[in-house]
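Each reported figure results from applying straightforward, stated rules to the coordinates on display, with no laboratory input. Since the model is a prediction, treat every value here as computed from it, not as a measurement. Counting neighbours? That spans all protein chains shown, and the Cβs are built from the backbone with ideal geometry, glycine included.
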Amino acid sequence: MNGGARILVVAATARELAPADGWLSLACGVGPVESAIATGAAIATLRPAAVLHVGIAGARRSAALPAASLVIGREARYCDLAVPEAWAPHIVPADATLLAAAQHAFPSAPLLTIGTSARVGGTTGCDVEAMEGFGVLRAAQQAGIPALEVRHLQRDRGAGPGALVFRCCLRRHHGRHAAARGGDHPEPADVRALTFGYSPCPNDTFAFHALAHGLVDAPFRIRPVLLDIEELNRRAHDVEFDLTKLSVGAFAGVGDPYRLLQSGAAPGKGVGPLAVTRTPMTLAEAVRGTLAIPGRETTAYRLLRLAAPSLGTVIEMRYDGILRAVASGEVEAGLIIHESRFTYAEHGLSKAVDLGEWWEQETGLPIPLAGICDRADLGDDLAGAAERAIRESVQHAFDHPEASRDYVRAHAQEMSDAVCDAHIALYVNGFSLDVGEEGLRAIGRLVSEEGDGRRETGDGRR
């Protein structure tokens, strides 16, 4: 342990807890309700520095995850809660610092959404399921305590070695958590570690695989942190990562702490977000009712506010839940991004507008979705090195497309190989090597177009 930090290890049953000196432990009980109550009470009494939730879990056969493997939870999703996200949260993300340590300790462990349900087989949209994760992480979130869920996949209900192995590694790497919070940093003095936030989508894991796995020369090493794009946008306001992917729609709000790098960006043509509905209708009709969006700082939402004269009720939800929300009637329309543009028809939905086509017709420019930015205080030399390393990583991906296959598949959300390949082909292109003058013009145009606030609705929403 570093600096006497107190880490509370939580599992459903005592059999899933492997004792380690200096670590607090809690058998929280089975199910999301029992786990939330017990964890909340333990946090109030013990005031731990962090919560590590461990235990066994099941996996869908289609995920092809081997038994006895370790899975790191990118987030916990509560699959029993059938109400809009605006009423109650469905998802709790893992703490970024703990997530970075887990990825560093176990680089081959897949980073996945772990579903929570009180019923065996009750999760949807998740390859891994258990019964307590959301309850534990939500209790920690409410108390302001960083938390992470790690699961050991096995058919035998007995306790496996995964929890203890992970905890020992986490203890060795705990100094890195402390460094992020002001403590001593144990990294070798001659190799600087940079945190790099990017998404788990196939285009990012394909493009940055080589950099994340040390396959390109750089005067630093990368600690990847994979998060949904809107979560990256939010964390950029706190300058949480040294390098980060950022929606162009968030550039103005984030401001000076970050600078755009020339490599790794995602402008393109034919890559725009779509507005979809259950029945065919125009964009004006689609946005009159309740509309699900993937985040208010996404480029998709910024484009929608430019294209639509007014918006009805806007509900934010994770991008990969929007298609289900539209298909089920929870919302009238949805603004979709990423791989959803390839799969919306499978849900029986219709396209109201392709905002990429709209943008290209209006401006004649590619649509600038996102870019890679570095912290402005890193200095020009390090920024230049990062820009070169990212470019080399993208080029390595183009030259060796199969090298990243396992990494891409480990992080893909419910995607077939065909959808993954289509996703990569669409979003990783020449602009990813160098955004160029045309890409910079597109970025400047979108930021300036949005800045005048012309699309604000009568009730003050934007």
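Below, the figures for the structure above:
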item: ³J(HN,Hα), Karplus 6.51/-1.76/1.60, whole Hz, each residue of the stretch 130-135, x for Gly, Pro; result: 8, 10, 10, x, 4, x
item: Amide H partners (placed H, <5 Å) of G58, local residues excluded; result: E129
item: Two-site label geometry, R259 and L215: point separation in nm, points 7 Å out along Cα→Cβ; result: 2.9 nm
item: Interatomic Cα distance distribution for the stretch 349-457, bins of 10 angstrom, percent; result: 11, 30, 34, 22, 3
item: Projected area averaged over orientations for the stretch 274-363, convex hull of C-alpha atoms, nm²; result: 5.1 nm²
item: Amide hydrogen neighbours beyond the local backbone of A370, cut-off 5 Å, H modeled; result: V248, A266
item: Radius of gyration, Dmax [the stretch 252-296; alpha carbons; angstrom]; result: 16.0, 44
item: In order through the stretch 361-367: 3J(HN,Hα) via Karplus (6.51 cos²θ - 1.76 cosθ + 1.60), integer Hz, x for Gly, Pro; result: 5, 6, 10, x, 10, x, 8
item: Kirkwood hydrodynamic radius of the stretch 187-305, from inverse mean 1/r over distinct Cα pairs, in Å; result: 16.3 Å
item: Protection proxy ranking of 396-403, 6-13, 28-35 - average other beta-carbon atoms within 10 Å, highest first; result: 6-13, 28-35, 396-403
item: Net +/- balance of residues flanking E392 in space, Cβ distance below 13 Å, scoring K and R +1, D and E -1; result: -2
item: From phi via Karplus (6.51, -1.76, 1.60), per-residue ³J(HN,Hα) for the stretch 265-276 in Hz, x at Gly/Pro; result: 6, 10, x, x, 10, x, 10, x, x, 10, 9, 10
